[in-house]
Amino acid sequence: MKEKLSVKIFNLVRTKSISEAFLILAVSIIIGLSANGFRAEGGVPYNVDWYKVIANQKQSQFASSNISTISVNAAMAFDELSEAIFLDARTQDEFKQGHIPNAKLFPPEIAEELLDALARGEQYKSPDGVVYSELLGSLEKGQVYIAYCSGLICNKAEKIAQMLTEAGYNTLLMPAGLDGWLANGGKMLEAQRN
Amino acid sequence: MNTNMNINKKVLYRSFFQRLPRFVVGFVFILAAVGKIIDPMSFATDIAGYQLFLANLIPIMAATIPWIELFCGIALVLNLKIYGAVLLTGLMLISFCVLILYAIFAGLDINCGCFTILSSEQSQNLWLVFFRNIGLLLLTFLTYKQLTSAEAEVKK
């Protein structure tokens, strides 16, 4: 049985497609890495944390926009004083799996309809008439809202922060998102397992 | 004489249209690769944007993937090591499609890293990128079918 399997694998590797693909891969990898090593400038450095690079790029983007941002530590201070409502811009499923304790769901997909309903002082109902308890139930002008999504790269929280800011609500964006919140020791309300 | 010329024209057209899929995919891959080889730093940033890969792996990917694309593109256009090139191109396109779907559903605000040379500052429509890749994947599959049917004819 074992022999048969090894013969099968041998035959597979022997096939023209796979042997040629390996040849192309080997040549490309050797040339690619050599070219990168020999480049006087402009090569990709191996010792750079690329996730920090893109995080910095994102921060500078916010600095030039009209969205106010808040660090995780400052957001935690607001949370301890119960002075802010967190707006979770992720999906309903993600929200149900776990979210910041004092958070309400504000999905960007229905943000306009939700904002319209709340601005009229009504609760949002889905097209089939259901009221979801996870969704934000009311909006007040004096209240501070902190929008977040999963992490530094998602843009959902940015969209709702932009929309609510333009509508005149005190909204801050927490760019580090839930990842940053958890990394700083923040609590999360997780789904109850039955 | 006239009939012969018509037949020759037909053969020419047929062979051109048979080659067209691999020419299209090949040139697209060469174009995509050249931009990334010129500017691997931007490509590394684009890869990091997906937030899926180990940080140590990103520079290696940025240094090698464009060369794989380039050699696959050249192989497709020049009909060299075509079986391997079709396999690699297909695998790459499938992975690109999966990555883009992931980016769409995770709500990532990223550049797909497809054409560093053409990409603008503005965010791209990732659905458009996805369907472009599906189109390229279909052309690659067409090339594969042509290769296998040509091989079957030779065996006959």
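In the set A:Leu118, A:Leu136, A:Leu105, only one residue is of a type in the set (A, V, I, L, M, F, W, C) and over 21 Å from the mean Cα position of the chain (by Cα); that residue is A:Leu118.
Of the helices (runs of 4 or more DSSP H) contained entirely in region B:22-139, those carrying at least 2 residues that are at pLDDT 95 or above fall at B:57-78, B:82-105. Residue-level check: of (1) loosely packed, with under 15 Cβ neighbours inside 10 Å; (2) touching a strand residue (DSSP E or B) at 6+ places or on another chain (Cβ under 6 Å); (3) modelled with pLDDT under 90, A:Pro101 misses just (3). Hey, among the residues in region A:80-89 that are at pLDDT 90 or above and away from every other protein chain (no Cβ under 14 Å), which one's farthest from the chain's Cα centre (by Cα)? Applying the filter and picking the extreme gives A:Ala84.
In region B:44-68, the residues that are within 8 Å of chain A (Cβ to nearest Cβ) reach residues that are assigned to a helix (DSSP H, G or I) and of a type in the set (Lys, Arg) with C-beta atoms within less than 6 angstrom, at least six apart or across chains, in these pairs: B:Pro66/B:Lys36.
Yes or no, residue by residue, for (1) touching an Asp or Glu at 6+ places or on another chain (Cβ under 7 Å); (2) of a type in the set (Ser, Thr, Tyr); (3) facing chain B (nearest Cβ under 7 Å); (4) surrounded by fewer than 11 Cβ atoms within 10 Å (Cβ to Cβ):
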{"site": "A:Glu20", "(1), (2), (3), (4)": "no, no, yes, no"}
{"site": "A:Val53", "(1), (2), (3), (4)": "no, no, yes, no"}
{"site": "A:Ser60", "(1), (2), (3), (4)": "no, yes, no, yes"}
{"site": "A:Ser71", "(1), (2), (3), (4)": "no, yes, no, no"}
{"site": "A:Ala77", "(1), (2), (3), (4)": "no, no, no, no"}
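A:Gln92 falls short on exactly one of the conditions (1) under 30 Å from B:Thr45 (Cβ atoms); (2) within 14 Å of another protein chain (Cβ to nearest Cβ), and that condition is (1). Filter region A:34-51 down to residues that are buried (at least 16 other Cβ atoms within 10 Å of the Cβ) and over 30 Å from A:Gly186 (Cβ atoms) and give me whichever is nearest to the chain's Cα centre (by Cα). Within region A:34-51, the match that is nearest to the chain's Cα centre (by Cα) is A:Val44.
Being in a loop (DSSP other than H, G, I, E, B) and either farther than 18 Å from B:Ile65 by Cα or facing chain B (nearest Cβ under 7 Å) (or both) is the requirement here; does A:Val27 meet it? Here the answer is no, as A:Val27 does not meet what is asked.
The values are calculated or read from the model by the stated rules, or taken from the named source; none is laboratory data. Worth saying up front: this structure is predicted, and the values here are computed from it rather than measured. Here the Cβ is made from the backbone with ideal geometry for all residues, glycine too, and neighbour counts use every protein chain on show.
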